[in-house]
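Q: Mind looking over this structure? Questions follow.
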Amino acid sequence: MSELPFDLQILNALAALFLLLAFAMLAQRRVVALVNLLAFQGALLCAATLLLAYRTGQTHLYFSALLTLALKVVFLPWLLHRLIRRLGVYWDSEQLINTTGTMLLGLLIVIFAFGLAQPIAALASTATRNAIGIAVAVVLLAFLTMITRRKAMSQVVGFLSMENGLFFGAMSATYGMPMIVELGVALDVLVAMLVLGVFFFQIREQFDSLDLHHLESLKEEQ
Amino acid sequence: MELIVLLAIPLLGAAWATAFGERSYAPEANSAFSLATLIAAAALAMRVIGEGSFSAADEQFFIDPFNVFLVTLTAFVGFTTSLFSRPYMRIELEHGRVKPRQLRLYHSMYQLFVAAMLIALTSNNMGLIWVAMEAATLSTVLLVTLYRTPASLEAGWKYFILCGVGIAQALFGTILLYFAAEKVLGGEGMSALLWTHLNGVKGSLEPAVLSLAFVFLLVGYGTKVGLVPLHNWLPDAHAEGPTPISAVLSGLLLNVAAYAVVRCKVLVEGSLGSPLPGRMLMAFGLFSVIVAAFFLWRQRDIKRLFAYSSIEHMGIIMFAFGMGGPVANFGALLHMTVHSLTKSAIFFAVGHAAQKAGSQVMDEIRGLITLSPTVGWGLMLGALAILGLPPFGVFASEFLILTTAMREHAWATPILLLALGVAFAAIFGRVQPMVFGETTAKRLPHSPALVPVFAHLGLVLMLGVFIPPSLAEWFRLSAQLIAGL
């Protein structure tokens, strides 16, 4: 096996941690801890982007890293923590499948994701192509997190984690998207979270809870 | 220049409404902004007729016959819906379903929604199209929940989360597209996501990556189009929000999402050199038509009924685009136009009918024709038009699509005909007693706006017998463009 340069080794380690965090989020049932994990995931994304910016010398990656830091490490977790305190939602005890089952499902998903990413990774010329499989896996694991949770707040954290996975994928496949697109996506995510904040208060005002089983009355046989 | 004005007006309108949207004359101002947008769109259309396609702002924006007719349609329906929304929202205000403060949100989001759709239509950058599509969703989420009822909150949450997840798939598709394009066009500069550039080199894009990208793009934007089985959000969002929003969601947003799918399909088909993407569109389209036609029977809420009818018609459009070829594409483009006009007209009539009956439940709406013949006839004629009765334009487009299907995919024709028949029976059987029979309707405090209903139906009737030459030319040119000729 050929020797990898040191910075690439770090990058691969970051990617591995990124995947590990996705699993941690899958198992975590305290909402506050979930948000912390999300912030940590954002920080890893930011660090990986910085490292890549240093390695390739592409200035737009520095901006991208800065954007990630501001939005995903600082602002969104702060906003979510604030919402959690104001709304008093701390636990998501009800999972649709128990933790062991979810974990096993997660393992299968990772294998599937690496299979899916194989043809893309084979074509990629970037130094980080090994991480593409990890990015796909994180996206799918975040999706699983969303499916298995009942509380609106955990679903939103899953959604943001999915966004992180997508950005990680964009970074490892193509060294990031064009700046204008990244800015646009960041703006959309920001607005989405603000809309959501308003929305949460509306749901709570109406139902006294953020539990989604209140939101299951619209079916065809009403 | 026209383009800057076109995009600036609704954004200005949104800014204005954020500050003054609760004033008593705000509905009129909303219409005025929409009228100005329509005039700008008409100016843009005149320029395309005169000069042909052009791009602007460093090629970030691009106008060709395919999107210019959708821009005009969007601006037109945006304007007529704002006319309908004037009396409609005043009546809702008097019935106490909304507060004046919420009208501010309503008006500013209405303008923002139109702006987002216009950006999505005119943008040449596949990434920007994604951003604008997401912005269009976000601007309508709080409108779906405007009434703050439990059902509307549920509808809004579903809309937010399902379309959010869907659009995340589309983002992944866009990343893959960029990944493939970067190899050919180079990552430096902006050109690798510009549709015109991609279209120029589509033959040399890596087929394996593009087919994977198309799956994600189709699922992502297909969620917005309301293709079965990704359609769950659509009937709820249509039924629980204010009716003007149902009209623009059904008449405009679905079209814009279909537009994004078709733009992607052109690229992927060019790269693969096989009809696979078209086949996928056909399968999704046909499945949507069938499922929606049978779900029509189970509806009790009038707005849900017509929401399912929208799914059915988007299925027909997707099926036609999937068949490809100049004739089927022509039919699909015509169908997009007439469906949008007819469906928004129906929602205008439905809105006032539900207000008169005090309920959206169809069994409680009876005998509209006795108290207000115009609402009754508007609903009846709209229903006949959407069901594809001959003099109306829907008949012309469905005829084109069905005859092409008969020639190229004969097996699909009986399935389509069966679904259309089932839908006919379901909708006609529901609408007939609502229009005729013993009346339950009440008088309304403001006179309803019915000019838009009949203006739309008149246009649909006209398109059924005569298509203006410049519009036919646009349809023909875009049909060729989509067919990859």
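Q: Which of (1) assigned to a helix (DSSP H, G or I); (2) surrounded by fewer than 18 Cβ atoms within 10 Å (Cβ to Cβ) does B:Trp377 not meet, given it meets every other one?
A: So B:Trp377 meets the others, but not (2).
Q: Is it the case, given these coordinates, that B:Ala283 is within 14 Å of chain A (Cβ to nearest Cβ) and either in contact (Cβ under 8 Å) with a residue 40 or more places away in the chain or not basic (Lys, Arg) (or both)?
A: On the way: within 14 Å of chain A (Cβ to nearest Cβ): no; either in contact (Cβ under 8 Å) with a residue 40 or more places away in the chain or not basic (Lys, Arg) (or both): yes.
Judged against the criteria, B:Ala283 is not a match.
Q: Suppose we filter A:Val157, A:Val139 for residues that are in a helix (DSSP H, G or I), more than 9 Å from chain B (Cβ to nearest Cβ) and closer than 30 Å to B:Leu153 by Cα; which single one remains? Give the steps one after another, and end with the answer.
A: Values: A:Val139 fails: more than 9 Å from chain B (Cβ to nearest Cβ).
The conditions single out A:Val157.
Q: For region B:171-269, list the helices (runs of 4 or more DSSP H) that sit wholly inside it and hold at least 3 residues that are buried (at least 21 other Cβ atoms within 10 Å of the Cβ), more than 14 Å from chain A (Cβ to nearest Cβ) and of a type in the set (Phe, Trp, Tyr); which are they?
A: On the way: elements: B:195-200, B:207-225, B:233-240, B:243-248.
Hits in region B:171-269: none.
Q: Please indicate, with yes or no, whether at least one residue in region B:31-47 is at pLDDT below 90, in contact with a Leu (Cβ under 7 Å, 6 or more places away or on another chain) and either surrounded by 15 or more Cβ atoms within 10 Å (Cβ to Cβ) or not in a strand (DSSP E or B) (or both).
A: No, the conditions are met nowhere in region B:31-47.
Q: Against the definition (away from every other protein chain (no Cβ under 12 Å) and either part of a helix (DSSP H, G or I) or surrounded by fewer than 24 Cβ atoms within 10 Å (Cβ to Cβ) (or both)), how does B:Arg104 come out, yes or no?
A: Numbers: away from every other protein chain (no Cβ under 12 Å): yes; either part of a helix (DSSP H, G or I) or surrounded by fewer than 24 Cβ atoms within 10 Å (Cβ to Cβ) (or both): yes.
Yes: the conditions hold for B:Arg104.
Q: Restricting the search to region A:161-188, which residues are of a type in the set (A, V, I, L, M, F, W, C), buried (at least 22 other Cβ atoms within 10 Å of the Cβ) and within 30 Å of B:Tyr147 (Cα to Cα)?
A: The initial filter retains those residues of region A:161-188 that are of a type in the set (A, V, I, L, M, F, W, C), namely A:162, A:166-168, A:170-171, A:173, A:177, A:179-181, A:183, A:185-187.
Adding the requirement that they be buried (at least 22 other Cβ atoms within 10 Å of the Cβ) leaves A:162, A:166-168, A:170-171, A:173, A:177, A:181, A:185.
Of everything in region A:161-188, just one residue is of a type in the set (A, V, I, L, M, F, W, C), buried (at least 22 other Cβ atoms within 10 Å of the Cβ) and within 30 Å of B:Tyr147 (Cα to Cα), namely A:Val185.
Q: Ok, one more. Read through the list (1) at pLDDT 85 or above; (2) buried (at least 21 other Cβ atoms within 10 Å of the Cβ), then give the number of the only condition that B:Ala151 fails.
A: (2)
Each row is one residue, and each column tells you yes or no for (1) touching a Leu at 6+ places or on another chain (Cβ under 8 Å); (2) among the β-branched types (Val, Ile, Thr).
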| residue | (1), (2) |
| --- | --- |
| B:Val209 | yes, yes |
| B:Val215 | no, yes |
| B:Asn232 | yes, no |
| B:Ala237 | yes, no |
| B:Pro244 | no, no |
| B:Ala257 | no, no |
| B:Val261 | yes, yes |
| B:Arg279 | no, no |
| B:Ala283 | no, no |
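Q: Search region A:164-201 for residues being more than 8 Å from chain B (Cβ to nearest Cβ) and in contact with a Gly (Cβ under 7 Å, 6 or more places away or on another chain), and hand back the single one that is modelled with the highest pLDDT.
A: Taking region A:164-201 and keeping what is more than 8 Å from chain B (Cβ to nearest Cβ), we get A:164-165, A:167-168, A:171-172, A:176, A:179, A:182-183, A:186, A:189-190, A:193-194, A:197, A:200-201.
Pick out the ones that are also in contact with a Gly (Cβ under 7 Å, 6 or more places away or on another chain) and you get A:164, A:182.
Details: A:Asn164: 90, A:Glu182: 82.
The residue in question is A:Asn164.
Q: Assuming B:Leu417 fulfils every condition listed in (1) hydrophobic (A, V, I, L, M, F, W, C); (2) farther than 28 Å from B:Ala260 by Cβ; (3) touching a residue at least 40 places away in the same chain (Cβ under 8 Å) apart from one, which condition is it?
A: Unmet condition: (3).
Q: Across region B:111-136, which residue is surrounded by the fewest Cβ atoms within 10 Å (Cβ to Cβ) among those that are in contact (Cβ under 8 Å) with a residue 24 or more places away in the chain and at the interface with chain A (Cβ under 9 Å from one of its Cβ atoms)?
A: Of all residues in region B:111-136, those in contact (Cβ under 8 Å) with a residue 24 or more places away in the chain come to B:111-115, B:117-130, B:133-134, B:136.
Now narrow it down to the ones that are at the interface with chain A (Cβ under 9 Å from one of its Cβ atoms): B:125-128, B:130, B:134.
Details: B:Asn125: 25, B:Met126: 24, B:Gly127: 25, B:Leu128: 21, B:Trp130: 29, B:Glu134: 27.
Once the filter is applied, the top-ranked residue is B:Leu128.
Q: Could you grab me the full set of residues in region B:148-170 that are over 22 Å from the mean Cα position of the chain (by Cα), in a helix (DSSP H, G or I) and without any contact (Cβ under 8 Å) to a residue 12 or more places away in the chain? Steps first, answer last, please.
A: Applying the first criterion (over 22 Å from the mean Cα position of the chain (by Cα)) to region B:148-170 yields B:148-151, B:153-154.
Then drop every residue that is not in a helix (DSSP H, G or I), which leaves B:150-151, B:153-154.
Once the filter is applied, which keeps residues that are over 22 Å from the mean Cα position of the chain (by Cα), in a helix (DSSP H, G or I) and without any contact (Cβ under 8 Å) to a residue 12 or more places away in the chain, region B:148-170 yields B:Pro150, B:Leu153.
Q: As an exercise: evaluate B:Pro469 against (1) over 30 Å from B:Thr243 (Cβ atoms); (2) touching a Lys or Arg at 6+ places or on another chain (Cβ under 6 Å) and give the number of the one condition it does not meet.
A: (2) is the only condition that B:Pro469 fails.
The values are calculated or read from the model by the stated rules, or taken from the named source; none is laboratory data. All values reported here derive from a predicted model rather than from experimental measurement. When we count neighbours, we look across all protein chains shown, and the Cβ atoms used for this are built from the backbone with ideal geometry, even at glycine.
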